[in-house]
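Asks: Here you go, one structure.
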């Protein structure tokens with residue numbers, strides 16, 4: 001292969017990698033806090049670290065919910081808020097949600113969240129209701145492994161998401177869920193300068209090829 005062709009091949013490889021990075025991906029830097037405490041020997045970190053999932057993806061299956069792979073509120077705290085810090089500012093266009101399932105503690109997924117209000121923020125202080133977000137999550141009576149509900153909406157720039165939990169499916173003692181994953185559509189999109197350099201490289205490569213014909 002001539003030096004010119006090697007150069008052009010390298011440019012195309014770089015371009016392909018940039019395009020690949022532009023595809024959507026799960027945000028892996030999420031942390032969570034709540035006003036509802038934690039009970040049943042659970043931890044809120046279980047809801048964002050993929051511990052109950054078959055893979056750290058937005059379409060994975062979740063095992064039966066239990067203390068080691070889900071979160072349940074303190075006894076008596078059936079409503080309240082859970083706030084997710086994304087670990088940066090992202091454009092998000094969907095999230096996957098795995099509700100508390102038939103694994104317990106309530107029978108038939110009764111501990112799972114039912115009514116919910118979803119809000120977003122760019123500073124973690126001022127929150128606005130997310131247009132197109134769900135107002136309820138489905139009950140999951142089956143014991144895992146079970147897939148997520150996936151909720152799509154127009155891309156929103158956010159550093160935080162918040163769930164205002166309004167009700168569950170009948171558990172009078174506590175509320176909980178298994179996992180949530182947020183889908184980023186822009187944090188890895190090539191910047192304008194990168195795209196400009198790629199285009200210039202392609203044009204230069206085409207000119208070199210013409211000169212060597």
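Asks: Picking from 19, 8, which residue would you name as being surrounded by 14 or more Cβ atoms within 10 Å (Cβ to Cβ) and either at pLDDT below 95 or in a loop (DSSP other than H, G, I, E, B) (or both)? Break it down into steps so the answer makes sense when it comes.
Replies: Working: 19 fails: surrounded by 14 or more Cβ atoms within 10 Å (Cβ to Cβ).
Result: 8 is the single residue among 19, 8 that is surrounded by 14 or more Cβ atoms within 10 Å (Cβ to Cβ) and either at pLDDT below 95 or in a loop (DSSP other than H, G, I, E, B) (or both).
Asks: Can you name the number of the only condition in (1) in contact (Cβ under 8 Å) with a residue 24 or more places away in the chain; (2) assigned to a loop (DSSP other than H, G, I, E, B); (3) at negative phi that residue 124 fails?
Replies: Checking residue 124 against (1) in contact (Cβ under 8 Å) with a residue 24 or more places away in the chain; (2) assigned to a loop (DSSP other than H, G, I, E, B); (3) at negative phi, the one that fails is (3).
Asks: Here is a follow-up. Condition (residue is surrounded by 14 or more Cβ atoms within 10 Å (Cβ to Cβ), at pLDDT 80 or above and within 13 Å of the chain's Cα centre (by Cα)) applied to the range 186-205: is it met by at least one residue?
Replies: No, because not a single residue in the range 186-205 is surrounded by 14 or more Cβ atoms within 10 Å (Cβ to Cβ), at pLDDT 80 or above and within 13 Å of the chain's Cα centre (by Cα).
Asks: Exactly one condition in (1) touching a strand residue (DSSP E or B) at 6+ places or on another chain (Cβ under 8 Å); (2) on the phi < 0 side of the Ramachandran plot is not met by residue 142; state its number.
Replies: For residue 142, the failing item is (1).
Asks: Moving to a separate point now. State which residue is surrounded by the fewest Cβ atoms within 10 Å (Cβ to Cβ) when the search covers only the range 62-99 and only residues that are touching a helix residue (DSSP H, G or I) at 6+ places or on another chain (Cβ under 6 Å) and part of a loop (DSSP other than H, G, I, E, B).
Replies: Initial filter on the range 62-99 (touching a helix residue (DSSP H, G or I) at 6+ places or on another chain (Cβ under 6 Å)): 69-71.
Filter once more, so that each one left must be part of a loop (DSSP other than H, G, I, E, B): 69-70.
Working: 69: 23, 70: 32.
Result: 69.
Asks: Could you list all residues from the range 100-115 that are in a strand (DSSP E or B) and surrounded by fewer than 21 Cβ atoms within 10 Å (Cβ to Cβ)?
Replies: 115
Asks: Any chance you could count how many residues in the range 34-54 are in a loop (DSSP other than H, G, I, E, B) and under 13 Å from the mean Cα position of the chain (by Cα)?
Replies: Qualifying residue count for the region: 3.
Matching residues to (1) under 17 Å from residue 62 (Cα atoms); (2) in contact with a helix residue (DSSP H, G or I) (Cβ under 7 Å, 6 or more places away or on another chain); (3) outside the structural domain of residue 50 (by TED's automatic domain parsing); (4) free of Cβ contacts under 8 Å to residues at least 40 places away in the same chain:
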residue: 116; (1), (2), (3), (4): no, no, no, no
residue: 130; (1), (2), (3), (4): no, no, no, yes
residue: 145; (1), (2), (3), (4): yes, no, no, no
residue: 179; (1), (2), (3), (4): yes, yes, no, no
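The values are calculated or read from the model by the stated rules, or taken from the named source; none is laboratory data. Please read all numbers here as calculations on a predicted model, not as lab measurements. Positions of Cβ are backbone-derived with ideal geometry, glycine not excepted, and every protein chain shown enters the neighbour counts.
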